[in-house]
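Student: Questions regarding the structure given below will be posed in turn.
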Amino acid sequence: MDAMDSKSKKQSKSLLGKYELGRLLGRGTFAKVYLARPVAGGEPVAVKVLDKAEVMATEGMAPRVLREVTAMRRLRHPNVLRLHEVLATRAKIYLVMELAPGGDLLSRLTSLPRRRLPEHAARRVFAQLAAALAYCHARGVAHRDVKPQNVLLLDAGAGGAAAGGGVIKVSDFGLSALPDTLRDDGRLHTACGTPAYAAPEVLRRKSYDGAKADAWSCGVILFVLLAGRLPFDDANVADMCRKAQRREYAFPEWVSPAARRLINRLLDPNPATRLAVAELVAAHPWFKRSLSVDSQLAGMLDGAPGRALEFRGPAALAVNAFDIISMSPGLDLSGLFGKRDREKRFMTTESPEKTMELIGRAGGKLGYVVVGNKKGIECLPLGGLSGSGMAAMMTVEMSEVVPPLMLVELRIEVADGDEDDGEVKQPFGWEELRQELGDVVRAWHSCQDF
């Protein structure tokens, strides 16, 4: 009997033979989220479980689930929580998603002694949030419920995003607006979101631009990150809306003038003159300030098993005559082979660790968010070089040619929609990167597919 009970219990935790459900991670009004592991092996995931009957019986809930699935399937960005697949039985709906072990940003902030971040750490977190939303807006998706509870942390360590070194993931697209939800006037009309983070035009139930409403929410979040409290906090929504309309908020003395100016432009009650997230990502000077090298390097290596660099030995690299010729800066023939400029190589005699450190330092100086990745490093342009705001991943591989000479290969991978016919819409700032690397580069050249 005990054996049968044990077998029954084990079967009840199995999800369609694909995942083994583990402990409960959290619960909401309509869903529970569980830790799960793929039966076939691989990284753990989070499974959001919804009761189908409850979803169908609750007004507005079914469209919300559909919007969340549609939006998450459409978006592929390093700072947007990924939806792996959707499963269903007669009674349940299962959303299998990327796991963010660090919990949400609000919980992390609440656990800090002063409930706020130093400015360099706030910049790093906010830069990732802005990159994710700029990517969403470029694809016609407005989140409409941007708040710290919907910003998840990939790092479960003591530091993580709250120390400025981790990766954030924007989640919960249940209230998102897709292009086909716009009225004939091209605007949104449904008041939704969390009042403390919602734009005045949303609270007043006027038609509004979803991207500009998200920009207001970003301003509130940045204020919270730096001040440790909300700019507008009133139990009476009408009074809170009036305060927002009159800009009745005050900065603590430690918030820098540059950050104040940025928040003022985001918390503009007039959406026509409010700073858009895309503009913010492209050119705002607050993002161009140098980042702390120490915390930058901690972010590169935080949470990554072993070295953050994939190292291949000499046997893994086949160097032909053209490769050898092209290693000479005076004989770079790459210009004869099309306009694609997504790959570069350079030769160095520095160690892999030192080279990786210098690439991370260069990214910090040039205004890039650089975080750890098993294959290499990940760069999210936020002003500085490219000014594009595109979602891009730089993979770095090193191979030994003749000791101590190393070949370093850099490749830019862009998300769907950020390239036209194989060409990146906005060029990457290779020359600026080369200048920052300085003497570590012995020979620099393009790398093309022939």
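Student: Put +1 on the Cβ of every Lys and Arg and -1 on every Asp and Glu Cβ in region 47-130; which of Ala100, Ala71, Leu117 then has its Cα farthest towards the positive end of the dipole?
Tutor: The residue sitting farthest along the positive end of the dipole is Leu117.
Student: Which sequence of Leu203, Leu109 reflects their accessible areas, 1.4 Å probe, from the largest down?
Tutor: Sorted by accessible area, descending: Leu203, Leu109.
Student: Classify region 18-78 from the C-alpha gyration tensor, please: rounded if a/c falls under 1.5, else prolate or oblate depending on whether a/b exceeds b/c.
Tutor: oblate
Student: Sticking with this structure for a sec: Take Lys243, Lys212, Lys18 and sort them by solvent-accessible surface of the protein heavy atoms, 1.4 Å probe, largest at the top.
Tutor: Descending accessible area places them as Lys18, Lys243, Lys212.
Student: With θ set to phi - 60°, apply the Karplus curve 6.51 cos²θ - 1.76 cosθ + 1.60 along region 92-99 and write out the HN-Hα couplings as whole Hz, x wherever there is a Gly or Pro.
Tutor: Residue by residue, region 92-99 yields 10, 10, 10, 9, 8, 10, 4, 8 Hz.
Student: Next up: From the protein chains alone at 1.4 Å, what is the descending order of accessible area for Tyr94, Tyr34, largest first?
Tutor: I get Tyr34, Tyr94, largest accessible area first.
The values are calculated or read from the model by the stated rules, or taken from the named source; none is laboratory data. On a predicted model such as this, the values are computed, not experimentally measured, just so you know. Note: ideal-geometry Cβ built from the backbone for every residue, glycine included; neighbour counts use all protein chains shown. We work out accessible area using only protein heavy atoms, side chains counted, and drop any ligands, DNA or RNA first. Shrake-Rupley method; radii C 1.70, N 1.55, O 1.52, S 1.80 Å.
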